[in-house]
Amino acid sequence: MYQNEKKLSEEELFNGIVVHLTRDKVELDDGSQATREVIHHPGGVCVAALDDDENLYLVKQFRYPFGAVLTELPAGKLEYGEDPLECGTRELREEVGAKAETMTYLGCLYPTVAYDTEIIHMYLAEGLTFGEQDLDDGEFLDVIKMPLKQAYEMVMKNELPDAKSQLAIIKAYCLKHK
């Protein structure tokens with residue numbers, strides 16, 4: 001069984017606004033060499049925001065790679081070195097216009113382990129108070145509210161395809177319905 005791959009060299013292929021792509025040469029445990037293409041990404045955060053009546057707040061947003069409007073939890077990209085809790089707090093305020101009394105860490109998700117360094121941190125936000133949205137320039141989304149149970153059922157019926165939202169909704173539902 002392979003335990004490690006030692007990087008021998010790294011070639012930059014692309015350095016963009018969101019991602020950085022490299023082609024790495026690695027040495028395997030048996031001494032042979034292989035090529036790895038890696039997308040370097042700062043990671044992100046998603047927030048399962050629940051009100052006192054156990055309603056979940058989601059956003060509907062056009063996602064260019066899929067050419068479709070998707071329903072997701074409020075989420076955002078981390079800046080390199082940014083604290084995930086601060087990012088989650090900011091994204092909840094910007095996208096939903098909400099502030100949480102408590103933010104419980106639900107763990108992290110590695111969405112694409114074969115070629116991407118992205119890690120998404122998930123939070124359960126409770127004790128919500130509401131104000132105004134503060135969307136980023138060029139950000140357009142609609143906030144929808146639905147019972148947590150309905151969102152959980154939608155995940156189980158494959159009606160919410162976004163991975164980070166699926167996992168955070170399942171974890172929030174399990175925490176609330178042990």
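We did not get these values from a lab; they are worked out from the coordinates using the rules stated. From a predicted model like this one, the values you see are computed outputs, not experimental measurements. As a convention, Cβ positions derive from the backbone with ideal geometry for all residues, glycine included, and neighbour counts pool all protein chains shown.
Annotations
- When +1 charges are put on Lys and Arg Cβ atoms and -1 charges on Asp and Glu Cβ atoms, the dipole computed for the chain relative to its Cα centre reaches about 600 debye.
- Among M103, G67, A34 - extreme Cα towards positive end, dipole of the range 10-120, charges at beta-carbon: G67
- For a label point 7 Å along the Cα-to-beta-carbon line of Y80, residues of the range 16-45 with backbone N under 12 Å: 16-21, 40-43
- Euclidean distance of C-alpha centroids, the range 58-119 and the range 25-42, integer Å: 28
- Mean Cβ neighbour count within 10 Å, used as a protection proxy, ranking 120-126, 161-167 highest first: 120-126, 161-167
- Calculated mean residue ellipticity, 222 nm, the chain: -6500 deg cm²/dmol, from DSSP H runs (n ≥ 4) at -39500 (n - 2.57) each, averaged per residue and rounded to 500.
- Here E159 and Y115 are evaluated by their C-beta separation; at R0 = 22 Å the FRET efficiency comes out at 0.20.
- Treating r as the C-beta distance of E10 and T104 and R0 as 41 Å, the FRET efficiency rounds to 0.65.
- Principal-axis analysis of the Cα atoms of the chain puts helix 84-96 at an angle of about 50° to the longest axis.
- Across the options N15, P147, L135, the greatest Cα extent toward the positive end of the charge dipole of the range 7-157 (unit charges at beta carbon of Lys, Arg, Asp, Glu) belongs to P147.
- Convex hull volume of the C-alpha atoms in the chain, normalised per residue: 148 Å³.
- Projected label distance in nm at E27 and K60, using a 7 Å step from Cα toward the beta-carbon: 5.6
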